[in-house]
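The values are calculated or read from the model by the stated rules, or taken from the named source; none is laboratory data. Source: prediction; values computed, not measured. Cβ: placed from backbone, ideal geometry, glycine included. Neighbour counts: every protein chain shown. Only protein heavy atoms, including side chains, enter the accessible area calculation; ligands, DNA and RNA are left aside. Shrake-Rupley method; radii C 1.70, N 1.55, O 1.52, S 1.80 Å.
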Amino acid sequence: MVNNLSIKNALVVRSTGSWYDVSYEDKKVQCRIKGKFRLQGLKLTNPVAVGDIVDIHLDKNEMDKGVIKKIHNRKNYIVRQSPGKKHFLHLLASNVEQAILIITVNYPKLKQGFIDRFLLMTEPYNIPVTLVFNKSDLYDEGDTNMYLYLKDIYEKIGYNCILSSALNGGGIEELKSCLKNKTSLVLGQSGVGKSSLINAINPNLELKTNELSDYTGKGQHTTTFAEMFEFDDIKIIDTPGIKNLSFNNLEVLDVAHNFREFFEISKHCKYSNCTHRKEPNCAVKQALEDDEISELRYYNYIQILEEIEEQNYWERHKM
Ligand code: GDP
Ligand code: ZN
């Protein structure tokens, strides 16, 4: 007698930490993990991510509950340092075709370097990125100039930019067509209007939105878990709002290699392991002087390197 039913190539659509919602043939089942899954020796807080293709076993007597038996090889994945457990990595999503970063110039104020830190998560797999500047209805002249300044920097190096307002509908059609026929990870600092934008694209979803919590302009968390929504040939993976992005999983050269325009130019640096700081005959420093690379990007790059070196120093000199 067969007690188990085997299902291959199911899709993980929601992750709550201990349970995963897995979908196959228009059905959805709750699954647990059995056994150990490792990702190239990395320490992960969650071994399975939304977007994973998995094989599952269902119990004949309890068809709405299952066990994940196998995770198929991932085409790509996006990880961040776990916000709670510093020495672990958190898998945000896998098998994505593009990433959408929602930002605001103001309300809440864009954190210096946040965009560049985000790009460090998508560059290792060359995942295309669109930057969505939301709340355009609130921009004064200074905010608009800041938007134009950033748009210029990021479009020049190949990242798409959209100006949007969930309030007055600006940019919503553009965003919608950008999302068509793809699986997209959507991410942003809390309070930037990620849920409002997703609702504007598909009002049926009715995602919960939050008022900005106080005058500091900091939003509260709305989404707690990553979740995939499918509608109108659009697949989006909504992720919890992010406060900070730190990288104790990266080395200095990882950062250098993932600032894409620096990497391109670095072929002409004297040293192949040039970090583009004090080294002689550095093509990146030269490009900076010639205004060919952005001063802002270079400044953020140096900040991230310093943070990583400091972190690594203490890590490596721990007794
Ligand atoms: P999330 O944390 O990124 O999901 O942000 P929410 O969607 O919950 O939005 C946070 C706050 O910003 C709410 O009070 C929204 O009404 C407001 N909001 C979102 N988008 C816009 C926008 O385009 N313009 C304005 N003025 N407010 C917005
Ligand atoms: Zn260099």
Rounded to the nearest 500, the 222 nm mean residue ellipticity computed for the chain from DSSP H runs (n ≥ 4, each -39500 (n - 2.57)) alone is -7500 deg cm²/dmol
What GluC sites (Glu not before Pro) does the range 242-293 have in DSSP loop regions with at most 14 other beta carbons within 10 Å? Glu251, Glu292
Taking r as the C-beta separation of Gln286 and His257 and R0 as 25 Å, the FRET efficiency to the nearest 0.05 is 0.85
Mind listing the long-range amide H neighbours of Val79? Cut-off is under 5 Å, sequence gap 5 or more, other chains count too, H placed in the peptide plane at 1.01 Å from N. Leu92
On full extension of the chain, what length is gained from Asn76 through Glu62, given 0.36 nm per residue of separation minus the C-alpha to C-alpha distance? 1.8 nm
Mind giving me the FRET efficiency for Asn126 and Asp26? R0 is 25 Å, r the Cβ-Cβ distance, nearest 0.05 is fine. 0.15
Whole number in Å², please: accessible area per residue of the range 15-141, 1.4 Å probe, ligands, DNA and RNA not counted. 47
A student applying the Cα gyration tensor rule (rounded when a/c is under 1.5; otherwise prolate if a/b is larger than b/c, oblate if not) would label the chain oblate
Net charge contributed by nearby residues that have their C-beta within less than 10 Å of Leu288 (K/R +1, D/E -1): -3
Please compute the modelled spin-label separation between Phe37 and Gln303, points set 7 Å along Cα→Cβ, answer in nm with one decimal. 3.5
Between Tyr271 and Lys109, what is the label-to-label distance in nm when each label sits 7 Å out along the Cα-to-Cβ direction? 3.7
For the chain, the accessible surface attributable to carbon and sulfur atoms (probe 1.4 angstrom, ligands and nucleic acids excluded) amounts in percent to 49
Measuring from the longest principal axis of the C-alpha atoms of the chain, the long axis of helix 295-316 (C-alpha) lies at a number of degrees, nearest 10, equal to 60
Förster-model FRET efficiency, 30 Å R0, Glu295 and Glu174, C-beta, rounded to 0.05: 0.55
With the 8 Å Cα cutoff and a minimum separation of six or more residues, the chain has a relative contact order in percent of 14
List the cysteines of the chain that have no other Cys Cβ closer than 4.7 Å: which are they? Cys31, Cys161, Cys178, Cys282
